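The values are calculated or read from the model by the stated rules, or taken from the named source; none is laboratory data. Note that the coordinates shown come from a computational prediction; the quantities given were computed from them, not determined experimentally. All Cβ positions, even for glycine, are placed from backbone atoms using ideal geometry, and neighbour counts span all protein chains on display.
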Amino acid sequence: MDSVLQIPENAGGVSEQGNGEPRILQCFRWEVKAMQITVALRGRTRLAALLHRLEQEVDQRRQGPRVDRRNRRTWRQLVLGVLVKRSTRLLALGQLVAPQRRAGSVKAAAQGVAYFLREAKFPSASFSVGLLEEAVRQLDPEHLVTYQGKVLLVLDPTEYEKRSRERGKCGRQMEHIGRVRRAKSKSTPKTKTKTKTKTKKRSTAPAPTQGRGGRAQTEERRTATAPGYVDIWAGLVLKGKQVLPLARQLFSSRHPQCTSQNAVEEAVLAQALALLHRLGLPAIVLGDKGLGRKELIIRLANQEQDAVLRVDADITVYPPEAPEGLLLADALAQQPWRGEVDWDRGAEGRVRCRLRTLRATIRFSRTGRKDDVQEAPVHFVEAVPMEGLSESLVVATTLPVATVVQVRAIVRLYAQRWAIETGFETMHAWGQDRFMVRSWTAIDRLLWVLAVAFALVVLALHTPLLRRFRGQAEAVLKQLSVVGEHLTAGKLAEAIGLDFVRHSRAWLSAWLA
């Protein structure tokens, strides 16, 4: 197509000619050609074959009735829809499902997807866990992060805030929706605006002091909450700060079968440890502050399960030199320094810290009776920043800390916990917290679809059979988008979405074969 570029007189200003039209000074002619797209993901059939191979392995190991063929086809469509659309919205998934169904519109297809998620007889939890286990079997052990021959298992809850869904019209609100902490950007308290009032004569008497049982402080620190759900995930840490999901479970304080979040977290941890035990992989459990409670630490220590869990320094410990008990912060302050280490705080960067350790016993009693006390000796490691006013890192561990090298390793092991945060960041970009289904079963099934889709992409990043597929994905991104220093799970899914737009029939024929 030929185009003409004209440069008028006084371009960008006001013309001086009487008729109001500028005089053309120069005229150029050039040929415009559409961008030729010369790359494609021709290895798409290998990615589909990888999913089919995982399904076949699950069917051979699984006991019980086989999964209905139509339900499995719909489930595959949803997995592909999450990868292509990078969304969990029903309308986005309906756009992919509609051409494969006798649906008059995308909305009708979305309603069919909602019915499948809500009513279909499909063992989504057990089937998905089986696929994740087979994904670990297919993974090359050289991609696993290990310490002393043990893999790293990270456990972390994430929250889905649903501010507009606590109360619905005609009983159409989300089922069993509970309360979660409001996002930081929305949790700042509103300040009262000053209004013009009549000035009152101030009293010269001293202000009344607050006594015991009196009114609380004027400005209370309250945690802002919003309607939502909590989802507990457990994943296997891979090199490059990547994670492979192993187990997950949805929680809400208003669900009649969810006794407590602590119980759900321990159930997810037990499921992930059992999966790794079947594969012959001993693990070290990693967790943040919310998981560093004394009851869980004592149970893991008594079970001889290695763990590195962050704790608050305000708990009571019982070191040998103080059998009556001390605050952990005071006990650590009495210990000598044992070296320095760089603490990786993820997005906040690295900070140089000094190290000190403590061995002490922790005790816990659920009823408060002496005969109900549980206890276990553990090691505590504290990393105190050398500059700035940032909070120090205190972790409890069952691993040995006899040497400085071992103490530094504990801090670096805890930093591997950021792998699951990277996975959450990618899945949140795919709509992990933006689902709009209302049924508890539908929400749980949709999150399992997301977990399988993310695990499939992570496995594709490390499988030798898909090396050419990864090279094609980088070529697609270089021509149609942007690729960073290395290919990530999010970028690989983006390449799949770009290629699907031009080769949808080839994708569907390979995926649904």
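Computed quantities for the displayed model
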{"item": "Every residue from the stretch 234-273 that is part of a helix (DSSP H, G or I), closer than 20 Å to Gln148 by Cα and among the small types (Gly, Ala, Ser)", "result": "Ala272"}
{"item": "Out of Arg354, Arg363, sole residue that is out of contact with any helix residue (DSSP H, G or I) (no Cβ under 9 Å at 6 or more places or on another chain) and assigned to a strand (DSSP E or B)", "result": "Arg354"}
{"item": "Unique residue being among the small types (Gly, Ala, Ser) and closer than 15 Å to Leu296 by Cα when the list is Ala360, Ala376", "result": "Ala376"}
{"item": "Single unsatisfied condition, Val483 versus (1) of a type outside the set (Lys, Arg); (2) assigned to a loop (DSSP other than H, G, I, E, B); (3) at pLDDT 95 or above", "result": "(3)"}
{"item": "Verdict on Ala301 being within 20 Å of the chain's Cα centre (by Cα) and not in a strand (DSSP E or B)", "result": "no"}
{"item": "Which listed residue, of Lys85, Lys107, is among the basic types (Lys, Arg) and under 22 Å from the mean Cα position of the chain (by Cα)", "result": "Lys85"}
{"item": "Only listed residue being farther than 24 Å from Ala333 by Cβ and either of a type outside the set (Asp, Glu) or at pLDDT 95 or above (or both), chosen from Ala453, Ala409", "result": "Ala453"}
{"item": "Residue, modelled with the highest pLDDT, within the stretch 353-376, restricted to residues that are surrounded by 10 or more Cβ atoms within 10 Å (Cβ to Cβ), more than 15 Å from Glu324 (Cα to Cα) and out of contact with any Phe, Trp or Tyr (no Cβ under 8 Å at 6 or more places or on another chain)", "result": "Ala376"}
{"item": "Of all residues making up the stretch 422-441, the number that are small (Gly, Ala, Ser) and closer than 17 Å to Leu155 by Cα", "result": "1"}
{"item": "Some residue of the stretch 258-270 being surrounded by fewer than 19 Cβ atoms within 10 Å (Cβ to Cβ), in contact (Cβ under 8 Å) with a residue 12 or more places away in the chain, over 26 Å from Trp440 (Cβ atoms) and among the acidic types (Asp, Glu)", "result": "no"}
{"item": "When residues of the stretch 291-336 are limited to those that are small (Gly, Ala, Ser) and out of contact with any Asp or Glu (no Cβ under 8 Å at 6 or more places or on another chain), the one farthest from Arg359 (Cα to Cα)", "result": "Ala307"}
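Yes/no matrix, rows are residues, columns are (1) among the β-branched types (Val, Ile, Thr); (2) within 27 Å of Leu238 (Cβ to Cβ); (3) over 24 Å from the mean Cα position of the chain (by Cα):
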| residue | (1), (2), (3) |
| --- | --- |
| Glu348 | no, yes, no |
| Ala360 | no, no, yes |
| Glu387 | no, no, yes |
| Pro400 | no, yes, yes |
| Val407 | yes, yes, yes |
| Ile410 | yes, yes, no |
| Ala415 | no, yes, no |
| Glu421 | no, yes, no |
